[in-house]
Each structure stands twice: as C-alpha cells, then as structure tokens.
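**Q** Okay, handing you the structure first.
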Amino acid sequence: MKMRHRMLLGLGALALVLTGGACNDDTDNDITGTGNDRIYVQVERLGNPLVSEVFLAKRNHGFHNAGKPSTDVASHATELKAFVTTVAGRDAAVANTLASVLLPDMLIVQTDKATTTAGWLTWALANGYGGRKLTDDVVDAGLSAIFGSLLSPNNVSAGLTTDNVSQNDKPFMTTFPYLAAAN
C-alpha cells in the first residue's frame, strides 16, 4: 500500500510540475492579450491582379508585395505604362488611363454609389460602387482593357482579350460565406 501511495504521490507531483511549467505570465507571447508589439508580415497584394501578375516583371513581384499603395505610382507607373505601350502596342493615352485606374493597387469602394453598381473598376470606368464581386472575371476585363477596344479601338489584339476560362464550375451560394462548395 505504501508503494502504491508513493507512486500516486509521485505522479501527482509530476503532473503539478508539468502543469506549472506550461503556465507562465509572459504576455509577450499571449495571443489573447492587448499588446501592441505584434508584427505582421504582408505576403501578397492583389487588389488589381493584373498589376503584379501582368504588368510587372517577375523580378519585381516581391518588391510590389512588400510595398504599400502609397508608393505604387512612384514605384510602378513607368513599368506599367511601358508594358502597355511596348508589349501591348497601345498608345500613351491607353497606358495613362490604365495607370490611373490600376495604381495604387487597391480595391476602391465608393459607398455613396448604389451597391447594385458594384464591380471591378466600376468606380473609375462606370461611376459605380467599385469593389469586386465573386462573379467578376477580372482577368478577362483587364485583358480587354489592355488588348481590346474597351479604351480605344486602335491597335487592338482581340485574340488576347480572354484567358478562355469560363464561369465558375459551381454556383456561388446566396448566403454568407457565398463561395461555391469545394470540388
């Protein structure tokens, strides 16, 4: 009986040591606290996907992703315009328009507009609400702006106005979280 009693006491002491060791009052690592010393790392910026995925050279993606919208015009306008005029073969007016609506790289929402006018770049091109709907095909819309007649009928490349990806393969839900069910 004494041996069993000692074993239980030993196990109890071990449990107390392990429990006590797991507790600490170090609030630096407390994820529920209100400390202001947390550091967040921005990984990706894709407000307007075409900015980094089409206009910027691959070597500049990291710079763009680590940057801030406040520096986008100074950092990327020249490269964006050069792509439009040289690669796409469009005139400076198209390049300037695209730079003015795509930079800074962020989604703009104008809450004084009707939500029924929501859609990618509607704030700039159609006096709309802005933002982005799940159903917006931002790649095709962007390619149409770059290579198609949306902004100018001159020097278009109609074969480059779509990525040939059709609509979503499953319908979006009508209630939150709205995303379609996984495949």
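Taken together, the values in this text are just the output of simple stated rules run on the coordinates, not laboratory data. Keep in mind that what you see is a predicted model, and the values were worked out from it rather than measured. All Cβ positions, glycine included, derive from the backbone under ideal geometry; neighbour counts span all protein chains shown.
**Q** Mind listing the phi-derived Karplus ³J(HN,Hα) values for the range 148-160, rounded to whole Hz, using 6.51, -1.76 and 1.60 with θ = phi - 60°, and x for any glycine or proline?
**A** Coupling constants for the range 148-160: x, 8, 4, 9, 6, x, 8, 6, 8, 10, 3, x, 10 Hz.
**Q** Once you place label points 7 Å from the Cα toward the Cβ at residue 135 and residue 59, how far apart are they in nm?
**A** Inter-label distance under the simple model: 4.3 nm.
**Q** On a straight-distance basis, which lysines could pair with residue 81 in a cross-link, Cα separation under 23 angstrom, same-chain partners fewer than 8 positions away excluded?
**A** The reachable lysines, counting only those whose Cα sits under 23 Å from residue 81, are 58, 68.
**Q** Next up: Going by how many other Cβ atoms sit within 10 Å of their own, how do 146, 108, 39 line up, fewest first?
**A** Final ranking by Cβ density, sparse to dense: 39, 108, 146.
**Q** Could you tell me the calculated FRET efficiency between residue 149 and residue 173, based on Cβ-Cβ distance and R0 = 30 angstrom, to the nearest 0.05?
**A** Calculated value: 0.30.
**Q** Would you work out if the range 49-160 is rounded, prolate or oblate? Take a ≥ b ≥ c from the square roots of the eigenvalues of the alpha-carbon gyration tensor; rounded if a/c is under 1.5, else prolate when a/b is larger than b/c, oblate otherwise.
**A** oblate
**Q** Please list, ordered by chain and number, the residues whose modelled amide H lies under 5 Å from the amide H of residue 109; skip anything fewer than 5 residues away on the same chain.
**A** 131
**Q** Additional query: Using θ = phi - 60° and the Karplus curve 6.51 cos²θ - 1.76 cosθ + 1.60, what whole-Hz ³J(HN,Hα) does each residue of the range 91-107 get, with Gly and Pro shown as x?
**A** Calculated HN-Hα couplings, in order: 7, 4, 5, 5, 4, 5, 4, 4, 4, 6, 9, 9, 10, x, 6, 7, 7 Hz.
**Q** Something else: If each of residue 163 and residue 183 carries a label point 7 Å out from its Cα toward its Cβ, how far apart are those two points in nm?
**A** Label at residue 163, label at residue 183, 1.4 nm between them.
**Q** Quick one: what are the phi-derived ³J(HN,Hα) couplings along the range 39-55, Karplus 6.51/-1.76/1.60 with θ = phi - 60°, whole Hz, x for glycine and proline?
**A** 10, 10, 10, 6, 9, 8, 10, 9, x, 10, x, 5, 4, 8, 7, 10, 6
**Q** Using a Förster radius of 41 Å, what is the FRET efficiency between residue 79 and residue 110 based on their Cβ-Cβ separation? Nearest 0.05, please.
**A** 0.90
**Q** Could you put 83, 147 in order, starting from the residue whose Cβ has the fewest other Cβ atoms within 10 Å?
**A** Least to most surrounded, the residues fall as 83, 147.
**Q** Moving on. Rounded if a/c is under 1.5, else prolate if a/b is larger than b/c, else oblate: which is the range 105-182, with a ≥ b ≥ c the root eigenvalues of its Cα gyration tensor?
**A** Note, shape of the range 105-182 comes out oblate.
**Q** Right, next: R0 = 30 Å: FRET efficiency of residue 126 with residue 37, Cβ-based, nearest 0.05?
**A** 0.10
**Q** Continuing with the same structure: Neighbouring Cβ atoms within 10 Å as the yardstick, rank 172, 55 fewest first.
**A** 172, 55
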